[in-house]
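Trainee: Sharing a structure, written as structure tokens. Questions coming.
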Amino acid sequence: MQRYHAKLIALRELAPEVRHFVFEVVEKDRVDFTPGQFVSVTERIGGRDITRAYSIASPPDGKRFELCLNRVVDGLVSPHLFDLRPGDSVRVTEPLGYFVPRRPLSDSVFIATGTGIAPFRSILHHVLQEGTDRRLTLLFGARYEARLLYHEEFERLASEHPNFQFVPTLSRPDDSWHGRTGHVQVHLDGVLDGSRDLDVYICGLKAMVNDVRAELKRRGFDRKRIIYEKYD
């Protein structure tokens with residue numbers, strides 16, 4: 001497996017304990033990947049090499065790739081990454097993974113919670129930039145409005161592309177929230193619109209992914225049209 005160094009170019013806070021990182025590979029002129037894939041970061045911690053996989057949160061862009069990470073309090077690699085400053089570098093593998101858009105692209109629903117939004121940010125930017133007339137819907141759930149990562153960005157994409165719909169929902173909204181409420185599972189009727197002739201991509205914590213898969217199977221979805229990735 002090919003490995004190389006990636007230098008941190010920029011970072012920004014997305015929400016409490018959630019950060020967006022921009023890296024640039026050092027040894028190569030470009031890093032090639034299919035939107036939805038991940039890189040593995042290896043750090044030397046306590047005399048051992050520890051490796052963790054993180055979905056790429058950006059479309060292909062020359063030497064650069066972006067990550068969306070939450071700090072895992074008792075984690076090994078994420079706290080180290082949160083200590084990085086621009087100019088620091090990390091060791092990464094070449095991108096890998098099969099959680100990528102089916103070709104040819106069908107009408108699709110993307111369902112995410114938390115940092116499970118990362119591969120969908122990569123995929124949606126890419127396919128919308130390419131140009132498609134397929135109907136694409138993103139159902140994104142969070143507890144609080146502050147944790148709707150990239151919220152304004154997805155709203156802008158929806159305003160620019162009539163075939164893309166952004167559906168955010170909060171499970172613990174405050175009084176200022178006037179959008180959808182509840183977990184993503186309760187909004188399946190709205191985003192599926194009675195159709196089974198579409199692909200459904202699911203990414204997030206295991207419990208949510210399992211619940212949505214079970215509900216889709218109950219509705220008669222072909223298992224081949226349910227594509228998922230679990231984050232725990």
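Where a number appears in this text, it was derived from the coordinates with a stated rule and is not lab data. If you're wondering where the values come from, they're calculated on a predicted model, not measured in any experiment. Note that each Cβ is placed from the backbone with ideal geometry, even for glycine, and that neighbours are counted across all protein chains shown.
Trainee: Using a cut-off of 14 Å between beta-carbons, work out the net charge of the residues near Lys63 (Lys and Arg +1, Asp and Glu -1, Lys63 not included).
Mentor: Net charge in that neighbourhood comes out at -3.
Trainee: Which of Thr132, Thr113, Thr169 moves the most in a Gaussian network model of the chain with Cα springs under 10 Å?
Mentor: Fluctuation is largest for Thr132.
Trainee: Provide the gained length on full extension for the span Asp32 to Ala146, in nm with one decimal, where the gain is 0.36 nm per separating residue minus the Cα-Cα distance.
Mentor: 37.8 nm
Trainee: Still on this structure: Would you please state the base-10 log of I(q)/I(0) at q = 0.13, 0.21 1/Å for the stretch 3-93, with intensities from the Debye formula using one equal scatterer on every alpha carbon?
Mentor: Computed log10 I(q)/I(0) values: -0.39, -1.06.
Trainee: Near Phe164, within a Cβ-to-Cβ distance under 14 Å, what is the net charge of the other residues, with Lys and Arg +1 and Asp and Glu -1?
Mentor: With Lys, Arg at +1 and Asp, Glu at -1, the net is -2.
Trainee: Let me ask something else about it. Report, largest value first, the span of the C-alpha coordinates of the stretch 142-232 along each principal axis, in whole Å.
Mentor: In descending order, the Cα extents are 38, 31, 22 Å.
Trainee: Let me ask something else about it. Can you tell me the alpha carbon radius of gyration of the stretch 63-196 divided by the globular rule-of-thumb value 2.2 N^0.38 Å? It would help to have the intermediate numbers written out before the result.
Mentor: Working: Rg = 16.7 Å, N = 134, 2.2 N^0.38 = 14.1 Å.
Rg over 2.2 N^0.38 Å, computed on Cα atoms: 1.18.
Trainee: Follow-up. With viscosity set to 1.567 mPa s at 4 °C, what whole-number translational diffusion coefficient in µm²/s follows for the stretch 23-72 from Stokes-Einstein and a Kirkwood radius over Cα pairs?
Mentor: 107 µm²/s
Trainee: Quick one: compute the contact order of the stretch 108-230, relative version, from alpha carbon pairs under 8 angstrom and 6+ residues apart, as a percent.
Mentor: 29 percent
Trainee: State, in angstrom, two size descriptors of the chain derived from its alpha carbons: Rg to one decimal place and Dmax to the nearest whole number.
Mentor: Rg, Dmax (Cα atoms, Å): 17.7, 54.
Trainee: What full-extension length gain, to one decimal in nm, is calculated for Trp177 and Lys63 as 0.36 nm per residue of separation minus the Cα-Cα distance? Intermediate values should be presented prior to the final figure.
Mentor: Values: separation 114, 0.36 × 114 = 41.04 nm, distance 3.91 nm.
Residue separation times 0.36 nm, minus the Cα-Cα distance, leaves 37.1 nm.
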